[in-house]
1. Is the C-alpha gyration tensor of the stretch B:215-360 telling us rounded, prolate or oblate? Criteria: a/c under 1.5 is rounded; beyond that, a/b larger than b/c is prolate, otherwise oblate.
2. Put +1 on the Cβ of every Lys and Arg and -1 on every Asp and Glu Cβ in the stretch B:1-134; which of B:Ala78, B:Ile102, B:Val29 then has its Cα farthest towards the positive end of the dipole?
3. Run the dipole for chain B about the Cα centre, Lys and Arg Cβ at +1, Asp and Glu Cβ at -1, nothing else charged, and hand back the magnitude in debye, nearest 20.
4. What number, in percent, do you get for the relative contact order of chain A if the mean sequence gap of Cα pairs under 8 Å and at least 6 apart is divided by its residue count?
5. Largest first and in whole Å, give the semi-axes of the stretch B:5-61's equivalent ellipsoid, each being the square root of 5 times a Cα gyration tensor eigenvalue.
6. Helix B:12-50 against the longest principal axis of chain B: what's the angle in degrees, Cα atoms only, rounded to the nearest 10?
7. Going toward the positive end of the dipole of the protein assembly as shown, with +1 on Lys and Arg Cβ and -1 on Asp and Glu Cβ, which of B:Gly174, B:Phe308, A:Ser137 do you reach last?
8. With springs connecting C-alpha atoms under 10 Å apart, model chain B as a Gaussian network and identify which of B:Leu335, B:Leu17, B:Leu172 has the largest mean-square fluctuation.
Amino acid sequence: MALLELKNVNKVFQSGQTEIEALKTTSFSAESGQLIAIIGPSGSGKSTFLTIAGGLQAPSNGEVFINGNDITRLKEKKRASIRLQEIGFVLQSSNLVPFLNVSQQLKLLDKVKKNNLNDKQLEELCESLGIRDLLKSFPSDLSGGERQRVAIAKALYTDPSIILADEPTASLDSDRAFEVMDMLKKATTTNGKTTIVVTHDTRLVDYCDQVYKITDGQLRLIEEMASV
Amino acid sequence: MFLAWNEIKNNKLRFLLIVGVLTLVSYLVFFLSGLANGLENLNKEAVIKWDADGIILTEESDLTLPQSSLKIEDYNGAGADEYAVLGQFYTIATAGDNKANISLFGIREDEFIMPKVTEGKVFKGSGEVIADDTLKNEGFEIGDELQLSATDETLTITGFTDNARFNAAPVLYGSLETLQKVRFGESTENMKDRINGFVIRTDNLEEVEVDDSFQVIATQDLIENMPGYSEQSMTLSFMIYFLFIISAVILAIFLYVLTIQKISIFGVMKAQGISSGYLAKSVIAQTFLLAVAGVIIGFIFTILTGAFLPAAVPVAFNYVDMLVYGAVLVLVSILGALFSIQTIVKIDPLKAIGANVWHC
């Protein structure tokens with residue numbers, strides 16, 4: 001079943017007199033268990049794609065389905081609640097709250113959403129991300145890589161069906177980058193999620209089931225792994 | 001509350017400053033309310049002490065007791081449950097080195113405005129008076145012979161009573177005869193039925209029947225028309241109301257700046273799907289905590305200051321008033337916070353996460 005589906009979606013921005021088509025008409029679908037990479041230079045429309053897929057903005061045309069629900073014309077309040085329930089974001093900029101320590105970052109999610117990971121699953125998650133000893137640390141005490149791993153923990157903690165990651169390995173060394181990809185891969189396949197990674201790090205494509213390339217707003221499938 | 005409290009815990013200095021400002025504002029509000037209350041007491045104590053509902057004055061007196069002049073036979077008690085005659089005269093009393101502005105009340109011993117003596121004895125004959133006990137604090141004593149300005153008559157203090165100041169002057173209570181002697185000197189005989197008003201107890205002032213040249217007013221109106229009374233209390237009330245506005249604005253500015261600083265954090269949280277409502281509630285909760293802390297500390301400071309003030313400062317704390325003012329301060333602080341709520345609602349999660357997008 002397609003967890004995420006975009007049907008004939010495009011995004012047009014008005015810039016003064018001219019119209020800019022940041023995302024050309026695209027159809028896209030991601031199945032449960034798939035890890036998908038989207039690569040492309042900056043300004044190519046990657047972020048636009050990701051924010052439409054994540055329900056952060058509505059497309060100009062076309063429809064977006066998340067877990068079978070049409071979210072295209074929903075109001076922000078409704079979309080926010082779908083983001084909370086269905087989507088885990090790993091953002092390029094650190095998405096941590098500076099005045100909460102790591103365990104409080106996760107606890108905040110308990111305040112706004114039910115059915116998050118239980119204690120045992122959380123422990124496993126922290127173990128595999130190597131952040132178990134950091135639970136009492138504040139974001140300012142963490143290195144870039146540690147922050148990124150905490151951000152991933154945060155995204156996975158709500159047990160979303162879709163994980164959208166914007167350059168998740170940007171501030172990590174190769175070993176850590178591969179570990180993170182392993183993590184995402186594992187979360188995707190074992191729990192039937194779908195993960196979309198936007199990156200220009202071509203080292204990561206080996207982990208992915210599908211690789212799309214986006215240039216000038218045009219999304220194209222360039223590689224499909226045999227395993228799918 | 002979770003976000004609100006943890007943010008306060010981790011940014012102690014910042015929030016301590018806000019609490020500090022609120023403490024000072026509430027301190028000032030409480031202190032001014034104490035002062036307003038004290039000044040009011042200074043004016044109205046003696047009137048409150050009557051425990052009466054109204055007073056009959058002449059139409060032309062412009063609602064002031066000293067300017068009203070009637071005769072004892074002008075009123076017979078029609079429509080009132082009880083009434084008492086009252087003559088009044090301002091003068092200056094001197095005993096040795098002690099000098100004080102006083103208000104002399106001429107009353108009948110058997111009527112209800114006769115005060116309870118807290119020390120000493122009641123006045124008996126002409127020339128004897130019961131004095132307000134603030135005079136005792138100024139050095140006057142029982143047995144003191146008081147020289148008066150503008151007359152050769154003297155008065156003797158036979159006892160003291162409490163809470164008896166009229167328009168800021170301590171009251172001396174004496175018989176009507178005493179008053180007339182002080183007031184009219186030699187011509188007492190012709191003027192002995194002259195008084196300033198009739199103090200009335202009744203359930204309904206409307207029912208009190210008087211001639212057209214007289215008017216029946218509520219004791220509250222008498223108080224409010226005392227020279228300077230309204231001006232004083234309005235000035236202080238105005239300052240207090242202004243402080244409410246100031247604290248709302250200060251809080252609004254502080255919280256707005258804090259909110260602006262947190263736009264990207266709020267934006268990220270909103271991107272994750274945390275609702276504006278949750279964030280707004282958190283800011284409100286935070287404001288509530290800060291305001292309550294400020295008000296409580298301000299209250300404690302006020303009480304402490306009050307305990308160390310010299311008696312000459314007319315401060316009297318009315319805890320019901322203070323409770324109301326404290327609650328209003330918390331309320332206006334929250335109103336100030338509402339200003340930031342719209343900013344939170346407007347935060348676009350897209351911008352906050354730094355997505356590379358154009359805006360329509």
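1. prolate
2. Among B:Ala78, B:Ile102, B:Val29, the one farthest towards the positive end of the dipole of the stretch B:1-134 is B:Val29.
3. Details: 23 positive and 42 negative charges, 743 e Å.
Dipole magnitude for chain B comes out near 3580 debye.
4. Rounded, it is 30 percent for chain A.
5. Details: eigenvalues 463, 22, 17 Å².
The three semi-axes for the stretch B:5-61 are 48, 10, 9 Å.
6. Between the helix axis and the principal axis of chain B, the angle is about 20 degrees.
7. It is A:Ser137, whose Cα lies furthest towards the positive end.
8. Answer for the Gaussian network model of chain B: B:Leu17.
Taken together, the values in this text are just the output of simple stated rules run on the coordinates, not laboratory data. Just so it is clear, the structure is predicted and the values come from calculations on it, not from any experiment. Backbone-built Cβ (ideal geometry, glycine too); neighbour counts: all protein chains shown.
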